[in-house]
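Taking it in order: structure first as structure tokens, then the write-up.
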Amino acid sequence: MSRAFVFIKTAAILIGGAVVLWVATGVTLDLTLARTRPALVLDWWPVGVQAKVAEGQAVVAEANRVAPEKVDRVRAQLRAAALREPVNSNALGALAALADYRRDRAGARALFRVSETLSRRNTFAQLWLIEDAVARDDSVEALKHYDRAMRVSPEARVMLLPILLTASSDPAIRKELLPLLAQRPLWWKDYVQRLAQEGDNPQVMADVLRAIRLDIRQVDQRSLAEDVLRRMVSLNDERRAMLAANHMEGLAGSTRSLRGGDFEPNNSLLPFTWWMRDETSIRAYRDIVPNGSLGLRVVTSAGNSGGVAQQLFGLSPGHYVFQGQAGDVSADPLARPALELACARGAQLARFVLPASDENGRSFRFAFDVPATDCAMQSISLVTAPAVDTDMWLDSLAITR
């Protein structure tokens, strides 16, 4: 073998190694530094797709402050990148955004649709398509992209749920939204939680609860249901909340009497079952009472007093009798707890001071009337006497005509 041939072969090996090193370095830079140093990467590796996309995205973010010549140059780079790597969703998305910047709405729409088809995780494309659908008054298209964006991106939910919450008040949008929620997409719990925290339309809440069909036997779903019901009550729509509770509990009719008067566990939902106060020096809790069944034990100390148990219900207008059993009630009239019934909006219906009784208990009953106006919903509260310690029990509460 001649020396010239050996030299040529060695040079070829060295050059080939240098080319391989250059290519490997370029590809590595494109995969690692393209997002933060696109210009540096393109200087080394001009065909780098990721660097072109990163530069394109940077120009898109500040297109109004970038010279038109640079926009045209970057657009040409993105076209080349998209041709080199046609499955790159981000390249097509950036190219679509520049088409939108150039006021080519139809071209932008076509490119964004291809971009999001290639990757449902392209949140940028989904957001643009949502805005475009809303501008065209196409609620079906908009909800499709809301769904896609929130299925794959918890971060997108933070941005989109408040908007969707507001839009839900539009009957046309709600008509399309409810069947989607009924399918329980990945984001449905986030939506219901947001509804319970920030919702301002009780009709929307009632419709959503009916569509989702919460299983109130499941602790987390029961908690969601109660949060929404309480929100509806806070918005002064106690009756719609009561009807929603009836539906979830499987109760027929448009009224609701006292629930859980025997204090046995049941499937009733707050605030339409007993809320019980639970603090160090004033609490109400279920306990075995002298008649051998579960009842309500009320204990206060250190001079604490006030409401310890309450419930909302919805009786139709008429004359009623409230009855029950109470035990360990003080002989001092000023130290006895009282049952207070009122219309949900505040008008008092009755205040009954419990009768004195020993530990074995004593039956009681009193009458009250529900007026025909301004009292569609009612509440009952057990209130302890001020400045005295209490240790008493209640059981077998019922309301009858």
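Annotation for GLU279 and ASP200: the two label points, set 7 Å from Cα along the Cα-Cβ direction, are 3.2 nm apart. Between ALA372 and THR400, the C-beta separation translates, for a Förster distance of 30 Å, into a calculated FRET efficiency of about 0.95. With contacts taken as Cα pairs under 8 Å and at least 6 residues apart, segment 275-400 reaches a relative contact order of 37 percent. Applying 0.36 nm per residue to the separation of GLU359 and ASP287 and subtracting their alpha-carbon distance, the gain on full extension is 24.6 nm. Based on Cα contacts under 8 Å between residues 6+ apart, segment 155-254 shows a relative contact order of 25 percent.
Stretching ALA347 away from ASN267 to a fully extended chain increases their span by 25.9 nm, per 0.36 nm per residue minus the current alpha-carbon distance. Under the rule a/c < 1.5 gives rounded, and otherwise a/b versus b/c splits prolate from oblate, where does segment 155-254 land using the Cα gyration tensor? Cα axes put segment 155-254 in the prolate bin.
Annotation: MET248 carries an accessible surface of approximately 30 Å², with a 1.4 Å probe and no ligand, DNA or RNA atoms counted. How much FRET efficiency would the formula 1/(1 + (r/R0)^6) give for SER301 and ASP220, where r is the Cβ-Cβ distance and R0 is 30 Å, rounded to 0.05? Working from the Cβ atoms, E equals 0.30.
Note on surface exposure: GLU198, GLU359 rank GLU359, GLU198 by accessible area, highest first, 1.4 Å probe. Residue order by solvent-accessible surface for TRP275, TRP393 is TRP275, TRP393, largest first, with ligands and nucleic acids left out and a 1.4 Å probe.
Remark: spin-label model distance ALA106-ALA331 equals 9.6 nm, labels positioned 7 Å along the Cα→Cβ axis.
Approximating the spin labels as points 7 Å out from Cα along Cα→Cβ, the ARG151-to-ASP190 distance works out to 1.4 nm.
Accessible-area rank, largest first, for GLU249, GLU131: GLU131, GLU249, with all protein chains present and a 1.4 angstrom probe. One chain, two ends: LEU294 and SER169. Fully extended at 0.36 nm per residue, the span grows by 40.6 nm beyond their Cα-Cα distance.
The values are calculated or read from the model by the stated rules, or taken from the named source; none is laboratory data. Bear in mind the structure is a predicted one, so any value in this text is a computation, not a measurement. Reconstructed Cβ throughout: ideal geometry from the backbone, glycine too, with neighbour counts over all protein chains shown. Accessible surface is based on the protein model in full, side chains and every heavy atom, while ligands, DNA and RNA are left aside. Shrake-Rupley method; radii C 1.70, N 1.55, O 1.52, S 1.80 Å.
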